[in-house]
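Below you'll find the structure, written out as structure tokens, and then a few comments.
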Amino acid sequence: MPLFGNLLSRVSKDGKESIRGNYKPKKHPHGSSRYTLRKSLKSSLAGGTKLKDSVKCPDGEDENEWIAVNTIECFNTMNMCYSFIQSFCTDDSCPTMSSLKATYLWTDGKGKPQELSAPKYIDNVVNWISEQIDNPEIFPVDDSPFPKNYKASVIKIISRILRVYAHIYHGHWDKIKQLEVNQHTNTSLKHLQYFAENFQLLGEKDYETMKHVFVTL
Ligand SMILES: [Zn+2]
């Protein structure tokens, strides 16, 4: 069964206006190895390959590149899932960034952690991840070597993506169902879960936070 194909085309037509104003899906340069790997990932996701198998690094490919492609894909799909309910996630409806298990405080690593509304927190997450992905010292381009802290950086990105899903499931699940995008949202999160599990990118705390959702996927 195609997992993403039909839904994605429907969503991009109908959901265009609700896609985050300052966010454009990350693309890979034409002809780069990430461009080719993404094509291979998309075709296995859409072509009936079991989701659990589709996250495995294809034979002979660079594992770090594969992790980069999947991380960027998970970031793009998280943005799409949030865009479904973005207009319902306001400072009034969601004054804190909460999930079933926690209320998250924002920190940029410099100042004191701050309590922000969910939309402001998520805006910071999107901008922060976008900067990480665009930073060639973390995600090198032109065949430069990957940095030593590469995996740690990806773990942090995955953790922040998961918090956005935690908020979507906790605060906006009824709306997601009403909009009939629940299957798409579940599949997107499941891709993230399998990918993160396969490459040990899921922190114990993050797993605990999302366990109640993972078991229902
Ligand atoms: Zn919200």
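What follows is calculated from the coordinates using simple rules that are stated; it is not laboratory data. Here the structure is a predicted model, which means the values were calculated and not measured. A quick note on method: Cβ atoms are made from the backbone with ideal geometry, for glycine too, and the neighbour counts reach across all protein chains shown.
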Alpha-carbon radius of gyration plus Dmax, which is the widest Cα pair, for segment 57-101 in Å
16.2, 50
Rg to Rh, two decimals, where segment 111-158 supplies the alpha carbon set and Rh follows Kirkwood
1.08
If I take the Cα coordinates of segment 161-217 and project them onto the principal axes, what are the three extents in Å, biggest first?
34, 18, 17
Under a crude label model (7 Å from the Cα following the beta-carbon direction), how far is residue 152 from residue 123 in nanometres?
3.1 nm
Pairs of alpha carbons in the chain whose separation is greater than 20 Å (percent):
58 percent
Nearest 20 debye, what's the magnitude of the dipole of the chain about its Cα centre given +1 on Lys and Arg Cβ and -1 on Asp and Glu Cβ?
360 debye
Ranking 187, 152, 105 by how far each Cα lies towards the positive end of the charge dipole of segment 27-214 (+1 on Lys and Arg Cβ, -1 on Asp and Glu Cβ), the top one is 187
Qualifying aspartates and glutamates (Cα of each under 15 Å from Cα of residue 156; at least 8 residues distant if same chain):
108, 131, 197, 204, 206
Give me the one-decimal nm value for the distance between modelled label points at residue 51 and residue 183, 7 Å along each residue's Cα-to-Cβ direction.
1.2 nm
